[in-house]
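Heads up: the structure comes next, in C-alpha cells.
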Amino acid sequence: MATTLFTQNTIALIWDFDKTLIPEYMQTPLFRRYGIDEPAFWNETNNLVSHYKKRGYHLSPEIAYLNHLLTHVLAGHMPKLSNKILRECGAEIKFYPGLPDFFKVAQSYVTEKEAYRKHDIRLEHYVVSTGLAEMVRGSAIAPFVDGVWGCEFIENPLQPGFLKQVDLPIEAEAVIAQIGLVIDNTTKTRALFEINKGTNKNPAIEVNANIAPEDRRIPFQNMIYIADGPSDVPSFSVTKKGGGKAYGVYNPARPDEFAQNDRLRSAGRIDHYGPADYRPDSSTAQWLRMHIHAICDRIVTDRESAVAARVARAPRHLNATPEEEAARRAAAEAAAAPKQQTFLE
C-alpha cells in the first residue's frame, strides 16, 4: 500500500547568522586571537577581485575571504589555524539579547495547545550562513541547532597516491590548508531544498531528485526564514514562493538597517521585520510565536481533514431499534409542525 515518506508535522526556523543572530561578524574573535586588523582584512578582501583581474586572474567573490584567510595562514599571520581553533573562537561569539534561550523557547510554542501535542508537531532550527561552519558549531547556539550549512576548511589534504597507500603515516599537526565547502548567498537556496526534501535527514534522498510535494519532509509553507538584508533575497524569495514566511531583522542601534528592512518589505521581499531582539516580550519574538502558531493550526487542520477524508463512515443497522424509530418520528413531526412567527425572524 502506497504511503507518504514524511508526516510533514515539522516546522523549520532557518536562520542567517552574521547581523541576524549576532551584531558583528563571527570572525571577530578569530581576528582578535591572532591580532589581525579586522577592517584592514575586509578592505583587502573586498579589493581582491579587482586586483587579481588586473593580473589576468578571475576570482570568485564568494571565495575571496576564504582564500585570504588561507593566505594569512601561509604567511604565518595565523599560525597553526585549525578547525579546533575555529570552534574555540566560536565559543567567544556574543549573541543578540534573548539568545540562545529563544531557540529553546520557540520549540515550546509547538506544544502550547493540546491539538499541537496530539499531532506531535515539532520545531527545528537550522543555520545557513556564508560564515564558517566550525565557528557556529563551537558557539553557544550549537546545542539548539538541528543542522548547520556554512563554509568549511580541510586540514592535512590527502597527498598524491593516497589511493595506493597501504600503511597510514603518522598524522601531522592539523592545520587548515584547503577550502572544503563554500556557501554563498545563492547556494544558500540549495540548503533550503535539502531541508525541504529531507536530504539532511535521509542521505538516500538526492537534493535534485523529483519528489512530490506530499513526500517532502518539511514543506516550504512550514518554514520561516530569518535574515538581515538584501544578500538574503534569493532565500527570502524561495521561501515565500513556496508559501513560507520571510522575516527581516535589524540592529536597533542602526537606523540604516531599519530603513533597509523597510525597503525590503515595501518591495515584497519579506513579510515583516523587527529588531534583532529575541527576548519574549520583543516584537520579533511575538511575531515569530504568532506565525509558528498559525503554521501549527494549519498542520492540525490539514491532518484532521485528511483523516476525515480517508476514514469511511461506520456501518449502521438497516433495521432501526424501536427507540431509534420513535426518535425518528418525533424529529419528523417537529419539523412538520408550523412555526410560530417571532419579531426576530
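No lab work stands behind these numbers, since they all come straight from the coordinates. Treat the numbers as computed from the prediction; the structure is a model and nothing was measured. When we count neighbours, we look across all protein chains shown, and the Cβ atoms used for this are built from the backbone with ideal geometry, even at glycine.
Tabulated results
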item	result
Separation between Cα centres of the range 189-214 and the range 228-284, rounded to whole Å	25
Other-chain or far-sequence residues with amide H under 5 Å of residue 278's (modelled H)	98, 99
Across 19/240; 104/245; 54/188; 84/188; 197/240; 19/104, pairs whose alpha-carbon gap is larger than 23 Å	54/188; 84/188
Only Lys, Arg (+1) and Asp, Glu (-1) charged, at Cβ; the chain dipole about Cα centre in debye	600
Residue-averaged [θ]222 nm for the chain, counting only DSSP H segments that reach four residues, each worth -39500 (n - 2.57)	-12500 deg cm²/dmol
Calculated Rg and Dmax of the Cα atoms in Å (choose from (i) 27.7, 100; (ii) 21.4, 70; (iii) 22.9, 87), label	(i)
Inter-part distance where the range 84-103 and the range 1-78 are each reduced to a Cα centre, Å	16
Axial C-alpha extent at least 15 Å, average Kyte-Doolittle at least 0.0 - helices from the chain (DSSP)	61-74
Charge dipole (the chain, unit charges on Cβ, about Cα centre) - positive-most of 221, 157, 25	221
